[in-house]
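The values are calculated or read from the model by the stated rules, or taken from the named source; none is laboratory data. Source: prediction; values computed, not measured. Glycine gets a Cβ as well: all are built from the backbone with ideal geometry, and neighbour counts include every protein chain shown. SASA here: full protein model, heavy atoms, side chains in, ligands and nucleic acids out. Shrake-Rupley method; radii C 1.70, N 1.55, O 1.52, S 1.80 Å.
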Amino acid sequence: MNVLLIGSGGREHALAWKLAKSPLLTSLFSAPGNPGIAEVAACVPLDASDHAAVIAFCRDQNVSFVVVGPEGPLVGGLTDALDTAGIKHFGPSKAAAQLEGSKGYTKDLCREFGIPTAAYGRFADAVSAKAYLAAQRFPIVVKADGLASGKGVVIAGSRTEAEDAIDACFAGAFGAAGAEVVVEEFLEGEEASFFALCDGTHVLAMASAQDHKRVGEGDTGPNTGGMGAYSPAPVMTDEMTRRTMDEIVWPTVKAMAARGTPFKGVLFAGLMITAEGPKLIEYNVRFGDPETQVLMMRLKSDLLAAMLATADGVLDAFDLRWSDEAALTVVYAADGYPGTPLKGTEIRGLDAARAVDGVQVFHAGTKAVDGRIVADGGRVLAVTATGRTVADAQALAYQALDLIEWPGGFCRRDIGWRALC
Ligand code: AMP
Ligand code: GLY
């Protein structure tokens, strides 16, 4: 079958790399793709927000399955348009994508269905949000309700800081995403990412990962989209996985079905493993970036078959095999990230890096110019390796990364440290 993959990041390169191995695949297209994806797919300059153009392309190229990578087109209703056109797809409906599109929506769902999460208040104006602070303890967390590329969250150490964050949100610091604000209890514990395929009725647990959101070593400095990740997450023991499925993922899938908005796609639960057990920090309705890079290195089964089983509602008759090995990815970012990244600097040595056995170099923000690869984004490469342990995977990933010659980039040198101490 012909498949179209929407997206252009490191996550999509990892998905494309895995989809390209499927015996079910005839041709893979990617819109817009990137120079790494171009090695396994035909990249086409389609705008995912132009639903009619995507549908016309699918009809023209005989594409019978569309995989949507990022959250933007999901929240924008691309899969609803594909449904209407009778084109099968991987990714939830616009209504179900509210699990990521609105933090308040998810918090209300948790409250209604008894899903463990931080205590919270949801506000449409600064006065009531600030009034709520009076009875709270600090630190406290202030979040823009909508999509803010992981940047709409402030952990406020004092009431003044929280008030400033509330004011900034309503003053438009995160655009339309900040029209509503969620103020929630600060949870203590270790974070983990957990992924499960959901077909509307059934759930199939995938795997766990941990990412490093802060730009600086020792998990310090501003938040980013993720500077590196590893899988599995040691904190996700069998018992924590079982509790996450029973207390968080299953109740959510049942609630969404009961509301008439069944969730179909991959549910990415951002968790805090607290002294009382797993609590939901947030949901994403798509794969994580860079978590996907490590997940795909460990997945032994056919990804396309799994995605089709998700779309067809037959996950109860499906299974996935995972490598026992660990995987670790280091993000190589452009100088200036997460502020304004420097674009256009040349990257060399990519062939040497990926020639290392057990290593894949996924492109996240690159551009090909006259046969050269240059930086074209914040997170530019994800150098990914497998190994018997997280420590082995880490050593191999840095060994490969050091073969890349890129004076315009930087990386964290401590990815995986929590799993090693
Ligand atoms: P989010 O975009 O909701 O995942 O939040 C970004 C990051 O902020 C998370 O990965 C956590 O590190 C932190 N965070 C968010 N909510 C909380 C919370 N209630 N308690 C502690 N940390 C939080
Ligand atoms: N790495 C976090 C995310 O994809 O949202």
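Counting only strands (runs of 3 or more DSSP E) wholly contained in the range 142-221, the ones carrying 3 or more residues that are away from ligand 1 (no atom under 16 Å from the Cβ) occupy 190-199, 203-211.
Contact map, the range 186-207: first residue on the phi > 0 side of the Ramachandran plot, second residue assigned to a strand (DSSP E or B) and away from ligand 1 (no atom under 16 Å from the Cβ), Cβ cut-off under 9 Å, separation 6 or more or different chains; pairs are Gly200/Lys264. Screening Pro139 on (1) touching a His at 6+ places or on another chain (Cβ under 8 Å); (2) in contact (Cβ under 8 Å) with a residue 12 or more places away in the chain shows it passes everything except condition (1).
Which members of the range 82-107 meet the condition of being open to solvent by 20 Å² or more (accessible area, probe 1.4 Å) and more than 16 Å from ligand 1 (Cβ to nearest atom)? Show your work before the answer.
So in the range 82-107, the residues open to solvent by 20 Å² or more (accessible area, probe 1.4 Å) come out as 83-86, 88-89, 93-95, 98, 103, 105.
Asp83, Thr84, Ala85, Gly86, Lys88, His89, Ser93, Lys94, Ala95 - these are the residues of the range 82-107 that are open to solvent by 20 Å² or more (accessible area, probe 1.4 Å) and more than 16 Å from ligand 1 (Cβ to nearest atom).
Residue-level check: of (1) within 16 Å of the chain's Cα centre (by Cα); (2) among the hydrophobic types (A, V, I, L, M, F, W, C); (3) open to solvent by less than 10 Å² (accessible area, probe 1.4 Å), Ala162 misses just (1).
Please verify whether Val374 is surrounded by fewer than 22 Cβ atoms within 10 Å (Cβ to Cβ), in contact (Cβ under 8 Å) with a residue 24 or more places away in the chain, more than 23 Å from the chain's Cα centre (by Cα) and part of a loop (DSSP other than H, G, I, E, B), treating the condition exactly as stated. No: the conditions fail for Val374.
In the set (1) open to solvent by 10 Å² or more (accessible area, probe 1.4 Å); (2) closer than 25 Å to Gly150 by Cβ; (3) more than 21 Å from the chain's Cα centre (by Cα), Val390 fails one condition alone, (3).
Filtering the range 115-147 to residues that are modelled with pLDDT of 95 or more, of a type in the set (Gly, Ala, Ser) and under 25 Å from the mean Cα position of the chain (by Cα) leaves Ala118, Ala119. Say we look at the range 49-74 and pick out the residues that are in a helix (DSSP H, G or I) and surrounded by fewer than 19 Cβ atoms within 10 Å (Cβ to Cβ); which of these is modelled with the lowest pLDDT? Among them, the one singled out is Gly72. Take the conditions touching a residue at least 24 places away in the same chain (Cβ under 8 Å) and closer than 30 Å to Val203 by Cα and apply them to Leu401. Does it pass? Judged against the criteria, Leu401 is not a match.
What tally of residues in the range 274-291 results from selecting those that are closer than 20 Å to Gly225 by Cα and either within 8 Å of ligand 2 (Cβ to nearest atom) or of a type in the set (D, E, K, R) (or both)? If you could, list the steps in order and put the result at the bottom.
Filtering the range 274-291 for residues closer than 20 Å to Gly225 by Cα gives 280-291.
Still in the list and also either within 8 Å of ligand 2 (Cβ to nearest atom) or of a type in the set (D, E, K, R) (or both): 282, 284, 286-291.
Residues in the range 274-291 being closer than 20 Å to Gly225 by Cα and either within 8 Å of ligand 2 (Cβ to nearest atom) or of a type in the set (D, E, K, R) (or both): 8 in total.
Scanning the range 1-46 for residues that are open to solvent by 30 Å² or more (accessible area, probe 1.4 Å), assigned to a loop (DSSP other than H, G, I, E, B) and among the polar types (S, T, N, Q) gives Ser8, Thr26.
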